[in-house]
């Protein structure tokens, strides 16, 4: 079996596992009680964040799984569309980390702002349409979505890092040369985790 075929089979298996995990997490008991149109499920971004370090195909499939899971568990179109916005931050994050060699901490900050911004846009435009009783509070809801998503993004990043480290050490994920240095553009601090 050649290396290309082995990697693509492994990617498909990882995509299936992360997609299944994305669906399962949406049914998790670790949801914070928040009013509609919000949903805070701790760990819900972890499969997508792990997929960012594999490839765009795995990231997109994982996001689709998350959307399907949120639809099955909430039937709330605002929550599902907010989950769909993860495609944007995951693809941009993949490009920044894998293609452009960005510092991982800087990439987390940029992707968190994109993530929160796109989710806030969904809340801003859809809340008055779907939850007309909350239309007057749309600005407050949008700001809450932005700040809440930033916080949630950082919590899930903190959960993702040790899992990514373990998967890398187990040789299940090849992360390549990741620039783990703090906020410097110096690639001398990159860590080769190809093992």
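In table form, for the structure just shown:
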read-out	value
Selection status of residue 95, at pLDDT 70 or above and exposed (fewer than 15 other Cβ atoms within 10 Å of the Cβ)	yes
Qualifying residue in the stretch 181-190 (condition: surrounded by fewer than 14 Cβ atoms within 10 Å (Cβ to Cβ), modelled with pLDDT of 80 or more and either within 21 Å of the chain's Cα centre (by Cα) or over 24 Å from residue 11 (Cα atoms) (or both))	no
Segments classed as helices (runs of 4 or more DSSP H), wholly inside the stretch 8-122, with at least 3 members that are under 17 Å from residue 157 (Cα atoms) and either under 10 Å from the mean Cα position of the chain (by Cα) or touching a residue at least 24 places away in the same chain (Cβ under 8 Å) (or both)	46-52, 56-74, 86-94
Top-ranked residue in the stretch 139-176 [being outside any helix (DSSP H, G or I) and over 20 Å from residue 109 (Cβ atoms); ranked as modelled with the lowest pLDDT]	176
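The values are calculated or read from the model by the stated rules, or taken from the named source; none is laboratory data. Nothing here was measured: the structure is a model prediction, and the numbers come from that model. Please note: Cβ atoms are built from the backbone with ideal geometry, for glycine as well, and neighbour counts cover all protein chains shown.
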